[in-house]
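S.K.: Let me give you the structure first, and then I'll get to my questions.
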Amino acid sequence: MRRRTVLASAGTLLAPGLAGCLGEPNANGSTTTAATTSDPRRSEHALSVVFERLQPAVVVLTDDGPRVVGDGHQYLFCRVEAAGDEAPGRLAFAFRLGGDVYSPGVESAGQLRRAGSVGSRYGAESGRGWLVFELPAAWRAEHAALSLRGAEWPVGSGLRERLAATPPSLSVEWHVETTESSGETRFAFEVANGGERDARFVATVTEARDDTGRELVAVVNEPIPASETASWSVTRAVADSGGADSGRPFALSWLGGRLRDSP
């Protein structure tokens with residue numbers, strides 16, 4: 001297994017604030033496929049479409065605290081930009097996977113929290129932004145495409161293969177420690193992917209609070225290349241944590257498990 005060290009930026013581990021990509025791999029292990037067409041099938045709209053990210057889970061904020069959801073599902077994020085004066089509404093889009101059609105959105109109570117990207121959710125007012133489709137996990141189909149009023153922007157064969165594959169299992173280690181700077185906490189991650197396909201690690205870091213329960217510290221969203229181990233660390237100022245004297249533990253939660261540690 002190869003080992004890769006990732007120097008994470010604030011865009012990788014985000015405290016309260018959202019979901020690389022698909023196609024040919026690039027230097028950071030994510031991949032991108034872009035489709036730009038004015039008339040794929042007599043479309044009345046000219047669209048730029050980028051299939052941005054496929055991931056096995058998402059983070060939602062609920063009344064009971066942040067949750068990582070995704071059992072039995074996978075989540076495709078795509079970015080669209082419409083040309084012209086009258087952009088289509090968000091719900092005019094759909095994703096066709098074989099004979100089934102899915103509307104944008106996540107069927108889960110709570111507010112979706114996106115990490116690792118910039119920009120807003122798509123809206124007709126701006127005519128640009130991201131859409132997310134909640135799709136069944138490991139679903140094999142001969143045809144998959146973004147759809148808009150009968151016109152389609154198909155995905156490539158590489159993405160279709162990933163949609164049909166079961167995500168590999170990940171081995172996760174992490175620890176928390178204080179730094180010399182008062183009130184700052186360092187989170188160190190090591191995630192190993194022993195499978196033959198690229199994966200993505202989606203998780204939350206929370207802090208136990210006596211008065212508010214679990215307080216969200218960060219959303220983690222990292223590509224983990226096949227047969228590699230990604231290691232990274234982030235130092236954060238945790239508000240009102242009191243540093244090492246607080247005694248409050250932190251928790252790392254993802255679909256595959258939960259780890260706790262204290263500085």
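S.K.: Go through the range 115-155 and report how many residues are of a type in the set (Asp, Glu) and outside any loop (DSSP other than H, G, I, E, B). Break it down stepwise before answering.
M.R.: Here is the first cut: in the range 115-155, the residues of a type in the set (Asp, Glu) are 125, 134, 142, 152.
Now narrow it down to the ones that are outside any loop (DSSP other than H, G, I, E, B): 134, 152.
Qualifying residue count, the range 115-155: 2.
S.K.: Can you tell me which of Ser171, Ser157, Ser182 is modelled with pLDDT of 95 or more, surrounded by fewer than 16 Cβ atoms within 10 Å (Cβ to Cβ) and either under 25 Å from Ser227 (Cα atoms) or not aliphatic (A, V, I, L, M) (or both)?
M.R.: On the way: Ser157 fails: modelled with pLDDT of 95 or more; Ser182 fails: modelled with pLDDT of 95 or more.
That would be Ser171, the only listed residue that is modelled with pLDDT of 95 or more, surrounded by fewer than 16 Cβ atoms within 10 Å (Cβ to Cβ) and either under 25 Å from Ser227 (Cα atoms) or not aliphatic (A, V, I, L, M) (or both).
S.K.: More than 20 Å from Trp254 (Cα to Cα) and of a type in the set (Lys, Arg): which single residue out of Arg197, Arg140, Arg186 fits that description? Step through it out loud before you land on a result.
M.R.: Working: Arg197 fails: more than 20 Å from Trp254 (Cα to Cα); Arg186 fails: more than 20 Å from Trp254 (Cα to Cα).
One residue alone meets the criteria, Arg140.
S.K.: Then there's this: Which of the residues spanning the range 58-100 are of a type in the set (Ser, Thr, Tyr) and touching a Ser or Thr at 6+ places or on another chain (Cβ under 9 Å)? Give the steps one after another, and end with the answer.
M.R.: Initially, the range 58-100 is screened for residues of a type in the set (Ser, Thr, Tyr), giving 62, 75.
Listed by number, the list holds a single entry, Thr62.
S.K.: So if I check each of Ala208, Ala199, which one is among the small types (Gly, Ala, Ser), surrounded by 18 or more Cβ atoms within 10 Å (Cβ to Cβ), in contact with a strand residue (DSSP E or B) (Cβ under 8 Å, 6 or more places away or on another chain) and not assigned by TED's automatic domain parsing to the domain that holds Leu112?
M.R.: Of Ala208, Ala199, the one residue that is among the small types (Gly, Ala, Ser), surrounded by 18 or more Cβ atoms within 10 Å (Cβ to Cβ), in contact with a strand residue (DSSP E or B) (Cβ under 8 Å, 6 or more places away or on another chain) and not assigned by TED's automatic domain parsing to the domain that holds Leu112 is Ala199.
S.K.: Let me ask another. Among the residues of the range 63-119, write down those that are charged (D, E, K, R) and over 22 Å from Thr206 (Cα atoms). Quick ask: steps written out before the conclusion?
M.R.: As a first pass, look at the range 63-119 and keep what is charged (D, E, K, R): 63-64, 67, 71, 79, 81, 85-86, 90, 96, 100, 107, 113-114.
Selection gives Arg79, Glu81, Asp85, Glu86, Arg90, Arg96, Asp100, Glu107.
The values are calculated or read from the model by the stated rules, or taken from the named source; none is laboratory data. Source: prediction; values computed, not measured. A quick note on method: Cβ atoms are made from the backbone with ideal geometry, for glycine too, and the neighbour counts reach across all protein chains shown.
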